[in-house]
Structure formats: structure tokens, C-alpha cells
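What follows is a short report on a single structure.
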Amino acid sequence: DLRMLESYATIGDGDALVLPVAEMFLAPNAHIEHVRLQRESLKSVHIGLTEVKQERDSSLNTYNIVYGGGLTRNDINVFLNGSNLHSRMDGVVAVDGDQHVDNHTRLDHAYPHCDSFEVYKHVLADRASAVFNGKIFVHQDAQKTDAKQTNQAILLSPEATINSKPQLEIFADDVKCTHGATVGQLDDDPLFYLRSRGIPKAEARALMVYAFAAEVLEKISHMELRAELERLLFEKLGVA
């Protein structure tokens, strides 16, 4: 088993161009928990590629966390090259100002008896924008596939935007596949409840956003890393 943190940060606020490539190969019965954290300066341009190939009976949990960067594009491709595989591909994006984030993911189911789960959460404030394109391919031999994809976004400003494009291409007939996308704002009622209990607006909003993102962050098994990601999220929301 392997737990891995892939972290990107900049010193100061100077211009930067970041072009990382990561390749992972999971041998039979291997397990990887992979956390990809991006918290670069707002003058950074980040274009990243992650390629994963899984063999039989292996398990992958990968988490893509984006808090920083001025312009970001991430491509994450997972090829399930065997039976009895498990893949989890989740992400949290929290951006503000004029930040823009593109996440393009692809899951290829090529063999039977595999499952994949994907949950992406977006929190956009100010004039921030995002694109999510999630593709799931179920090839003809991939019977008994169970694939679920969810993309949800909260817009904290009327000027924030997201373009979401979930895709399923299914060429097998004995599968369970679902996908969905939702976009909304924070609910006024629980926000009013928290403020009526003496919690300042910024902190109340941060608590609600954390509850929204927790579905992803709470799955990370490393407790110290999970706590640091939570702290960085509160810091991003203006509640340090």
C-alpha cells in the first residue's frame, strides 16, 4: 500500500508556469491513496496531467484539491485494465477573485466486475469560473460495471460561473451507471440559523461550505493531512 501527497506551492506572488506530469501503475492487488494539492500564487499558470493504469484486484483513491493558481487545467485519466478493480476519483475546488480552473477527468472501464466513484465539489466566489468535464467509458467487455459520477457546485457570487459536462459512453448492456450535476447557492435558512446563534456571517458561511466539501475531504485517511486541507479551506474562505 502507498499513500502519496503531490503538492504544488509558490514562494511569493511572482509569475510561474507549472507543467507537471504524473504517471502511476498499480500492479495486481496494489492500493494507492493519492492526494494532489494545488495552492500556488494567483499569478501561476498550472497545466497538469495525471495518467493511471490499474491491473486486476487493485484499488485507487485519488483526491484533487485546488485552492490556488490563477489559471489551472488538470487532466486526470484512469484506465481500468483488469477485473475486480476499485477506483475513486474525487475533487474539491475552492476559488475566488478571477481564478479559473478546468478539471477534465476520464475513466475507462475495459474489463468486467469493476466499480468507480467520482465526486467533485466546486465552491466559486467573486468572478471565479470553472469547467468540469467528466467522461466515463464502459467498453463492450466491461459487464457488471458500477460507475457513479457526481459534480456539485456552490456559487457564492452572482458573477461566479461553472460549466459542467458529465459524459457517459456505454457499450455494455449489464451495467449500473449514473451521473449528475447540480449548481446552486447557499441556503438562506441554515445560514440565518447559524447567525441567529451568534456566529458571524463569514464563519457561518465557511461552516456551510465545509459541510458541503466534507464528503470528499473526510474520505482522506491521513488525519494530519485531512486537518491541514480543512484549515486551508477555512483560510481560503477568509476564516483562518
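Of all residues in segment 4-34, those satisfying the criterion of being closer than 20 Å to residue 85 by Cβ and either part of a strand (DSSP E or B) or among the β-branched types (Val, Ile, Thr) (or both) are 4, 22, 23, 24, 25, 26, 31, 32, 33, 34.
Taken over segment 1-38, the criterion of being more than 20 Å from residue 219 (Cα to Cα), at pLDDT 95 or above and charged (D, E, K, R) is satisfied by 23 alone. When segment 1-27 is filtered for residues that are over 18 Å from residue 41 (Cβ atoms) and either open to solvent by 60 Å² or more (accessible area, probe 1.4 Å) or among the basic types (Lys, Arg) (or both), the ones remaining, listed by number, are 1, 2, 3, 4, 5, 21, 23, 25.
Considering segment 118-146, and only residues there that are more than 17 Å from the chain's Cα centre (by Cα) and among the acidic types (Asp, Glu), the residue that is most open to solvent (accessible area, probe 1.4 Å) turns out to be 141. Would you be able to tell me the number of residues in segment 147-163 that are surrounded by fewer than 16 Cβ atoms within 10 Å (Cβ to Cβ) and polar (S, T, N, Q)? Residues meeting the conditions: 2. Residues in segment 179-238 that are touching a Pro at 6+ places or on another chain (Cβ under 8 Å) and over 21 Å from residue 99 (Cβ atoms): 2 in all. Residues that are part of a helix (DSSP H, G or I) and open to solvent by 80 Å² or more (accessible area, probe 1.4 Å) within segment 208-240 comprise 215, 223, 224, 231, 235, listed in sequence order. Within segment 164-186, if we keep just the residues that are assigned to a loop (DSSP other than H, G, I, E, B) and more than 19 Å from residue 233 (Cβ to Cβ), the residue that is least open to solvent (accessible area, probe 1.4 Å) turns out to be 172.
The values are calculated or read from the model by the stated rules, or taken from the named source; none is laboratory data. Remember, predicted model here, so these are calculated numbers, not experimental data. Cβ: placed from backbone, ideal geometry, glycine included. Neighbour counts: every protein chain shown. Each accessible area value is taken on the protein alone, full model and side chains, heavy atoms only, with ligands, DNA and RNA left out. Shrake-Rupley method; radii C 1.70, N 1.55, O 1.52, S 1.80 Å.
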